[in-house]
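Read through the structure below, which is laid out as structure tokens, and then see the notes.
The values are calculated or read from the model by the stated rules, or taken from the named source; none is laboratory data. Please read these numbers as outputs of a predicted model, since none were measured by experiment. Note that each Cβ is placed from the backbone with ideal geometry, even for glycine, and that neighbours are counted across all protein chains shown.
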Amino acid sequence: MNDEKPETPSAPSRFRGSGQPDRADRRRARAGERVETCEPGASAGDLAQRLRRTTGCEVSGEKVDGLDPAGVTRLMADFEPDLIIQGASLLSPWALPECETAPALGIVAAGFALQVSAQLPVVMTVMRAHKDLGLSCPVINCSFPDLTHPILKCCGLAPTAGIGNVAMIARRLEEVRPEPQRGRLRVIAHHAHVTPVLTGKSPATELPPPLAYENGRRLGKEQIYLQPGLAPGRQFNDLTAVTAIPLITGLLDASASVDTHAPGVLGLPGGYPLRIRGGTIELDLPGGISREEAVDFNNVSARADGVERIEKDGTLIYTEEAKRYASPWCAELAEPLAPRDLEARFQVLQSFYQSCLRSSARYPVL
């Protein structure tokens with residue numbers, strides 16, 4: 001999830017070693033000597049300088065409109081990437097919560113799926129360029145992968161995996177549970193679980209707790225929602241970044257053997273435990289849990305984000321509860337959303353957000 005200012009159009013930046021890339025360059029990339037990333041709303045030069053200082057690598061930046069298919073395709077063709085990490089969105093996930101007005105928080109309560117029009121367009125552009133160029137490199141998408149990936153899968157454009165979310169939950173359980181047992185912790189969870197688990201507060205909704213198994217034993221609710229919890233906010237982004245490291249390592253280093261968690265893997269909804277061997281991802285589900293059962297669980301959990309279902313053509317249908325929460329403030333945000341209508345829906349979301357900013361002094365802070 002990104003912290004860009006919502007008024008700023010998405011503008012992915014490209015970072016690479018100087019000069020034209022060659023095979024030797026691409027081999028060095030696997031050792032971390034070349035970096036490609038995306039950060040909309042930031043100066044390409046500033047971000048390149050920041051990465052240069054923190055990695056010790058030679059890094060350069062190039063800015064491009066993340067909604068311009070030709071520009072994104074040209075950038076990716078020139079770079080010849082070994083791995084693409086897409087982190088751009090059109091509106092920060094924290095924009096509406098930080099407004100703290102009744103309308104903004106009403107849409108937040110309806111579910112994060114009502115903001116998917118801000119999360120999906122740039123990754124869709126990236127995946128179309130990836131497909132058109134015939135690239136085989138993996139793509140990690142940071143922008144709401146629990147929902148954007150199954151929608152993109154319907155369009156034949158699913159990224160390889162996402163980051164954060166289920167991986168953050170697994171990391172939290174590994175670090176704070178009292179008397180953890182030695183062995184593999186396997187967690188099946190959705191984006192909707194992140195805030196309840198990280199804050200240690202069991203949700204008041206019908207959202208079931210994550211499926212978490214350690215040494216074949218399922219953890220109870222009291223072992224998942226633990227205090228003291230973390231304060232919600234942009235600092236969650238730091239946890240997202242940390243949990244991405246094993247996934248990136250496994251996808252770039254063919255000799256690595258990695259057991260981790262990731263959302264949106266293989267275009268599936270929600271997140272899962274997985275195993276990476278030879279750069280190939282496989283689900284690593286708890287014993288006795290089938291792939292179908294795991295997917296069904298995440299589809300049920302997605303209702304807490306406002307998702308009723310995804311049609312075969314990628315059209316997103318919202319729950320009745322999401323419609324009810326949205327109705328007093330912006331009912332249009334909970335109407336069915338087809339991929340072809342993303343631009344128009346984002347305009348609605350952007351206008352709503354701008355109205356929240358303008359009226360913040362007229363509404364009480366909840």
Give me the residue from segment 209-260 that is buried (at least 19 other Cβ atoms within 10 Å of the Cβ) and among the small types (Gly, Ala, Ser) and, out of that set, nearest to Ile85 (Cα to Cα). Ala244
Taking into account only those residues within segment 178-222 that are of a type in the set (Asp, Glu) and in a loop (DSSP other than H, G, I, E, B), which is modelled with the highest pLDDT? Glu206
Under 6 Å by Cβ, and 6 or more places apart or on different chains, what pairs join a residue from segment 100-117 that is more than 10 Å from Leu147 (Cβ to Cβ) with one that is of a type in the set (Ser, Thr, Tyr) and surrounded by fewer than 24 Cβ atoms within 10 Å (Cβ to Cβ)? Thr101/Ser360; Thr101/Tyr363; Ala102/Tyr363; Gly106/Tyr325; Ala109/Tyr325; Ala110/Tyr325
Criterion: modelled with pLDDT of 50 or more and assigned to a loop (DSSP other than H, G, I, E, B) - qualifying residue of Gly32, Gly66, Gly71: Gly66
Residues in segment 192-203: is at least one farther than 26 Å from Ala322 by Cβ and crowded, with 18+ Cβ neighbours inside 10 Å? no
Checking Pro93, Pro81 in turn, the sole residue that is under 21 Å from the mean Cα position of the chain (by Cα), free of Cβ contacts under 8 Å to residues at least 60 places away in the same chain and surrounded by 20 or more Cβ atoms within 10 Å (Cβ to Cβ) turns out to be Pro81
Taking the condition touching a Pro at 6+ places or on another chain (Cβ under 9 Å) and either over 26 Å from Glu335 (Cα atoms) or surrounded by fewer than 23 Cβ atoms within 10 Å (Cβ to Cβ) (or both), does His149 pass? no
Listing of helices (runs of 4 or more DSSP H) fully contained in segment 96-175 that carry 3 or more residues being under 20 Å from Asn299 (Cβ atoms) and within 15 Å of the chain's Cα centre (by Cα): 145-154
Quick one: what pairs do we get from segment 319-340, first residue of a type in the set (Val, Ile, Thr), second part of a helix (DSSP H, G or I), C-beta under 8 Å, 6+ apart or different chains? Thr319/Arg303
Among (1) in a helix (DSSP H, G or I); (2) at pLDDT 80 or above, the one test that Ser89 misses: (1)
